[in-house]
Amino acid sequence: MARGTRRPRKQSKKTTRSGTLLGRVVGALGVLTLVWVVATAALVASLRYVDPPVTAMMLQQAVPIRAQKHAWAPRSSISIEAAHAVIASEDQRFLVHNGFDVEQIKRAVETYRAGGDLRGASTITQQVAKNLFLWSGRSFVRKGIEAYFTLLIEAMWPKERILEVYLNVAELGEGIFGVEAAAQTYFGTSAAALGAEQAALLAAVLPNPKVLRVDAPSAYVRSRQAWILGQMRRLRADGHYRELDW
């Protein structure tokens, strides 16, 4: 060997094993991620056409499934007043956003920075994702998964399907899910026959259906009902609902 040249160092077996193990872990994570994406995308795609018999939120209730009230009503059997009421109450930009209402998020952050309470800015699509697939509670992990499912739903379902599912899975009282079960329980009628005042009253309890009551509405619930009715009239006058095929 010529003077001044160095013999290349042999890579230790320990380093080689570590590199191999890391490669296997990365590869396994990649496969798991691909399986997750394919499986969840297939599930969301199927629910565009198949009505979910149960949701994650229903499974987490203190009231067992067999004692819950839930009857699926197709879009053709749900009053347009119910559709208009929940848009007016929960998500007035539902027909134009892509699943996230950036304006409402900014307002919520500004209110919080100004010393107010941190209020929610969840869209109807986000609430569908949460009700169908997620657990209760607040964490960055849960919000991240919620955002993922929100994007899938918006990409694969038309707005009418999103709203139809929401109206069928939203909690409207202790153990009462969907407008059909709520209409039968509270008004002795069907979702198809709901009038504007009844629909607005149901929408008025959506922020907290375990505390706010349809059958014994407080002054706060009545004030929300009146506000929702006013918003429904305004949105109709503005032609806001024209894009909704109901």
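If you take the residues in the range 43-94 that are charged (D, E, K, R) and surrounded by fewer than 18 Cβ atoms within 10 Å (Cβ to Cβ), which one is farthest from the chain's Cα centre (by Cα)? Show your work before the answer.
Here is the first cut: in the range 43-94, the ones charged (D, E, K, R) are 48, 51, 66, 69, 75, 81, 90-91, 93.
Narrowing the set further to residues that are surrounded by fewer than 18 Cβ atoms within 10 Å (Cβ to Cβ) leaves 48, 51, 66, 69, 75, 93.
Working: Arg48: 14, Asp51: 16, Arg66: 24, Lys69: 20, Arg75: 18, Arg93: 15 Å.
Per the criteria, the residue is Arg66.
Quick check on my filter: what residues within the range 203-216 are open to solvent by less than 40 Å² (accessible area, probe 1.4 Å) and in a loop (DSSP other than H, G, I, E, B)? Give the derivation first.
As a first pass, look at the range 203-216 and keep what is open to solvent by less than 40 Å² (accessible area, probe 1.4 Å): 203-206, 209, 212, 214.
Result: Val205, Leu206, Pro209, Leu212, Val214.
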Residues of the range 217-242 satisfying the condition of being open to solvent by 30 Å² or more (accessible area, probe 1.4 Å), part of a loop (DSSP other than H, G, I, E, B) and under 27 Å from Lys159 (Cα atoms)
Asp238
Pull up the range 171-187, narrow it to residues that are within 17 Å of Glu81 (Cα to Cα) and not hydrophobic (A, V, I, L, M, F, W, C), then point me to the one that is least open to solvent (accessible area, probe 1.4 Å).
Gly178
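The values are calculated or read from the model by the stated rules, or taken from the named source; none is laboratory data. This structure is a prediction, so every number in the text was calculated from the model and none was measured. Please note: Cβ atoms are built from the backbone with ideal geometry, for glycine as well, and neighbour counts cover all protein chains shown. Side chains are part of the model used for accessible areas, which takes the heavy atoms of the whole protein and leaves out ligands, DNA and RNA. Shrake-Rupley method; radii C 1.70, N 1.55, O 1.52, S 1.80 Å.
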